[in-house]
1. For region 68-97, enumerate the residues that are within 16 Å of the ligand (Cβ to nearest atom) and surrounded by fewer than 18 Cβ atoms within 10 Å (Cβ to Cβ).
2. Mind checking whether some residue in region 100-116 is of a type in the set (Phe, Trp, Tyr), touching a residue at least 24 places away in the same chain (Cβ under 8 Å), within 16 Å of the ligand (Cβ to nearest atom) and outside any loop (DSSP other than H, G, I, E, B)?
3. Pick out the one residue from SER65, SER136 that is buried (at least 16 other Cβ atoms within 10 Å of the Cβ), under 24 Å from LEU189 (Cα atoms) and within 16 Å of the ligand (Cβ to nearest atom).
4. Residue check: is VAL47 under 23 Å from PHE208 (Cβ atoms), in contact with a Phe, Trp or Tyr (Cβ under 7 Å, 6 or more places away or on another chain) and within 16 Å of the ligand (Cβ to nearest atom)?
5. Are any of the residues in region 168-180 open to solvent by 30 Å² or more (accessible area, probe 1.4 Å), away from the ligand (no atom under 13 Å from the Cβ) and more than 25 Å from ARG112 (Cβ to Cβ)?
6. Filter region 139-155 for residues that are over 13 Å from GLY124 (Cβ atoms) and either away from the ligand (no atom under 11 Å from the Cβ) or hydrophobic (A, V, I, L, M, F, W, C) (or both) and give the result.
7. Among the numbered criteria (1) within 16 Å of the ligand (Cβ to nearest atom); (2) open to solvent by less than 10 Å² (accessible area, probe 1.4 Å), which single criterion is violated by GLU121?
8. Suppose we filter region 18-57 for residues that are at pLDDT below 95, part of a loop (DSSP other than H, G, I, E, B) and more than 13 Å from the chain's Cα centre (by Cα); how many remain?
Amino acid sequence: MTSRTVTMRPLDEAPAPVGRADTLPVAETFVSVQGEGGLAGVPSWFVRLSGCNLRCAWCDTPYASWAPEGTWRTVEELIAEARAAAPVRHAVVTGGEPFIFPRLSDLVGGLRAAGVHVTIETAGTADRDVRADLISVSPKLANSTPPASAGPWRDRHEARRSNPEALRAVLGRGAARQLKFVVTGPDDLPEIDRVLSHLEAVRPDEIFLMPEGVTAPPPPLRQWCLETCLARGWRYGHRLHIELFGNRRGT
Ligand code: SF4
């Protein structure tokens, strides 16, 4: 591997180091089963890009957002690593926020050209010219807003987390799409309805409700999610990786 370690000081955008314009900042790569959404259980090669334009209060990957870590790696070596993961033929490009990185299109295009099915996981607040097999968008609701102790990031997060124009554009970046809402209770429902009102023709079975947390959800929250999904034809968003591995990196 020819990547090198850097301190990722720029927290919003992460420009490639001078002379390495073909690189992406990578917090981790690993092979596991997809834990969330419609492809839960599918063996997949994961690449987690490091850096995010948001700062969710409950972010479960702070090493790719609040305090981004990782190495700069070339698109070429990432694609070679994904190919070497055969017979795994699914890739998940996650973050952080993949859409803030200019080289995203090269990575996704290269993976697909290698015959790999690509999912991009995003919050849907920034758009970029890219084509994936599955676009998995998790719009951030008010329950994601960090406390005042987060300093300027509280206002930045609030200003950025809702971007209907970007959300509409990003949803068109995949051959298939899904929307995953992280919820803490019934108070989230009016905001979900507002988000959906900005979108056209979202099928109920493209929408997932995922109880917030990195442990088994409390029974009342689980029950509310279940009843809401049954009433609306939405899908219950289980977190298989938490059940199988707990909240651990590389899973
Ligand atoms: S958008 Fe995702 S990676 Fe960024 S802070 Fe929120 S949960 Fe973390």
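1. GLU69
2. no
3. Selected residue: SER136, the only one of SER65, SER136 that is buried (at least 16 other Cβ atoms within 10 Å of the Cβ), under 24 Å from LEU189 (Cα atoms) and within 16 Å of the ligand (Cβ to nearest atom).
4. no
5. No, region 168-180 contains no residue that is open to solvent by 30 Å² or more (accessible area, probe 1.4 Å), away from the ligand (no atom under 13 Å from the Cβ) and more than 25 Å from ARG112 (Cβ to Cβ).
6. Across region 139-155, the qualifying residues are ALA142, ASN143, PRO147, ALA148, SER149, ALA150, GLY151, PRO152, TRP153, ARG154, ASP155.
7. So GLU121 meets the others, but not (2).
8. Total meeting the criteria: 5.
The values are calculated or read from the model by the stated rules, or taken from the named source; none is laboratory data. Keep in mind the model is a prediction, meaning the values are calculated, not measured. When we count neighbours, we look across all protein chains shown, and the Cβ atoms used for this are built from the backbone with ideal geometry, even at glycine. Accessible surface areas use protein heavy atoms only, side chains included; no ligands, DNA or RNA. Shrake-Rupley method; radii C 1.70, N 1.55, O 1.52, S 1.80 Å.
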